[in-house]
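Trainee: Right, I'll just put the structure down here and ask away after.
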Amino acid sequence: MFTFSFDDLILGQYAYKQKKECKSCQQLNTLQRLLFDDRPKSFVTECPPTITEIGRNTWSVLHSISAYYPKNPNKEQQKQALNFLISLSELYPCSKCRKHLSNYLKKHPPRVESNKAFNIYLCQMHNSINKYLKKPQFDCSQATSRWKGPWKNCK
Ligand SMILES: Cc1cc2nc3c(=O)[nH]c(=O)nc-3n(C[C@H](O)[C@H](O)[C@H](O)COP(=O)(O)OP(=O)(O)OC[C@H]3O[C@@H](n4cnc5c(N)ncnc54)[C@H](O)[C@@H]3O)c2cc1C
């Protein structure tokens, strides 16, 4: 069970309360994210990542891996994709998220037999966590465009 609220996570206050990150770093990080694409080191002190930042970055890696995954992966590639998800569920650096992930993998065996199947699988997995966190559902037909392009006004 979670002992912190969604609002806590959004504000990064959970990590702050647990004395895992300075409040000013959180506020600067948030402001900086609103203003810049990159992180000018002279402006923001680098801090240990919050649960929210780790989550967002992990999703970037996961969705990017699936977006560039082969259309017809061989057995070895399928095994590596599967092992990657299993390792993540063992090592993810947030115990609640790790539990969430390992329960999901048990309930929904990973679909890694094709690029399309893997993309949809990860999109649905992400949506189940979005639902839990009361975030909007993402349209899975847009997942490849979101992570590989073309996407909105992105170059
Ligand atoms: C495996 C895993 C388990 C997690 N478990 C928990 C948990 O149990 N509790 C918790 O508090 N946090 C958990 N998190 C973190 C949480 O999912 C978010 O990453 C975090 O709250 C930051 O959210 P965000 O609003 O920045 O966007 P994120 O949810 O990080 O999404 C980043 C971007 O991905 C895109 N996107 C959104 N949904 C989808 C989708 N379905 N498919 C494709 N693209 C999408 C959007 O463009 C979005 O801006 C987990 C993260 C991971 C990777």
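FYI, it's all coordinate maths here, none of it is from the lab. Bear in mind the structure is a predicted one, so any value in this text is a computation, not a measurement. FYI the Cβ positions are ideal-geometry reconstructions off the backbone, even for glycines, and counts take in every protein chain you see.
Trainee: Going highest first, how would you order 143-155, 76-88 by mean Cβ packing within 10 Å?
Mentor: Result, highest mean first: 76-88, 143-155.
Trainee: Another question about this same structure. Could you grab the relative contact order for region 63-155? Cα pairs under 8 Å, six or more apart, rounded to a whole percent.
Mentor: Numbers: 69 pairs, mean separation 34.4, N = 93.
Relative contact order here is 37 percent.
Trainee: Quick check: convex hull of the Cα atoms in region 54-146, volume per residue, rounded to a whole Å³?
Mentor: 89
Trainee: Modelling each spin label as a point 7 Å along the Cα-to-Cβ direction, I'd like the GLU113/SER64 distance in nm, to one decimal.
Mentor: Each label point is offset 7 Å from its Cα along the Cβ direction, giving 2.9 nm.
Trainee: Could I ask something else about it? Just flag the chymotrypsin sites (Phe, Trp or Tyr not before Pro) in region 97-139 sitting in loop per DSSP whose Cβ has no more than 14 other Cβ atoms within 10 Å. Walk me through the intermediate numbers first.
Mentor: On the way: sites: TYR104, PHE118, TYR121, TYR132, PHE138; in loops: PHE138.
Sparse-neighbourhood loop chymotrypsin sites (Phe, Trp or Tyr not before Pro): none present.
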